[in-house]
1. Select from the stretch 26-59 the residues that are closer than 26 Å to GLU79 by Cβ and in contact (Cβ under 8 Å) with a residue 12 or more places away in the chain and list them in ascending order.
2. Charged (D, E, K, R) and exposed (fewer than 10 other Cβ atoms within 10 Å of the Cβ): does that describe ARG39?
3. Being open to solvent by less than 50 Å² (accessible area, probe 1.4 Å) and in contact (Cβ under 8 Å) with a residue 60 or more places away in the chain is the filter here; which residues of the stretch 10-25 pass it?
4. Quick one: is ALA53 at pLDDT below 75 and either loosely packed, with under 14 Cβ neighbours inside 10 Å or over 18 Å from the mean Cα position of the chain (by Cα) (or both)?
Amino acid sequence: MDIFTSMFYMSITLLVECQVFTFILIGVIVRHSIKQDWRGLNKTILSYMLAIALVIGLPYGYIKLSHPVQGAEKKVLEEVEKWIS
């Protein structure tokens with residue numbers, strides 16, 4: 001795996017495992033509920049999910065498909081979990 005794809009793969013893996021995208025979505029929902037913009041909320045959630053699927057999901061899936069999972073990712077995720085705890 002070249003350096004670019006390995007860096008991209010590791011960063012996306014950490015973001016997915018730490019539920020960062022879910023926290024961003026919760027923040028968007030809270031922001032819209034405070035503004036009471038319920039009509040815009042559905043459009044925002046749909047566009048957010050579509051953007052995550054296209055921008056993150058497709059490259060992540062392609063990299064994961066073309067390169068098998070290695071032991072280094074597991075070690076990095078364990079270290080991150082130690083830092084968070």
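The values are calculated or read from the model by the stated rules, or taken from the named source; none is laboratory data. Because the structure is predicted, anything quoted here is derived from the model rather than measured. Here Cβ is always computed from backbone atoms with ideal geometry, including for glycine, and neighbour counts include all displayed protein chains. Protein only, heavy atoms only, side chains kept; ligands, DNA and RNA dropped before computing areas. Shrake-Rupley method; radii C 1.70, N 1.55, O 1.52, S 1.80 Å.
1. ILE52, ILE56, PRO59
2. Yes.
3. Answer for the stretch 10-25, where residues must be open to solvent by less than 50 Å² (accessible area, probe 1.4 Å) and in contact (Cβ under 8 Å) with a residue 60 or more places away in the chain: MET10, THR13, LEU14, CYS18.
4. no
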